[in-house]
Ligand SMILES: [Zn+2]
Ligand SMILES: [Zn+2]
């Protein structure tokens, strides 16, 4: 794992490690290592954000299967969609994004992001099921009422 990105070997004897997201994103990031597992060459220009991992109690990295998208809402303004739930900013300059259902359900789920739109903190315990969206022909997410 490098900077939160994972790489896997091309083949057992290969010295080239390719980004684990090479299929999903056609990402061309790769590294080469010598026999002593020292990096001899690295191309780390990923075209996607790093997968989210957490470290399990036995020390393993477990991928959080998390659908994360920043979307423009039809009404203007931005929303973040995580696992089908949407979040909106508390205020324009705020770094805290609250569940869009905070009023209807008094839901307390929220995330915090840094200036580079990386999630620094997340509380994803919603007390309701995700809203239903469909993607309109012009690529917008529209909430199904
Ligand atoms: Zn990549
Ligand atoms: Zn919620």
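Summary of values
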| item | result |
| --- | --- |
| Scope the stretch 10-27; condition in contact with a strand residue (DSSP E or B) (Cβ under 7 Å, 6 or more places away or on another chain) and either assigned to a loop (DSSP other than H, G, I, E, B) or assigned by TED's automatic domain parsing to the domain that holds residue 111 (or both); matching residues | 10, 15, 20, 27 |
| Residue match in the stretch 73-84 (condition: more than 16 Å from ligand 2 (Cβ to nearest atom), modelled with pLDDT under 75, assigned to a strand (DSSP E or B) and exposed (fewer than 13 other Cβ atoms within 10 Å of the Cβ)) | no |
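The values are calculated or read from the model by the stated rules, or taken from the named source; none is laboratory data. Bear in mind that the values here come from a model prediction, so they are computed numbers and not experimental data. A quick note on method: Cβ atoms are made from the backbone with ideal geometry, for glycine too, and the neighbour counts reach across all protein chains shown.
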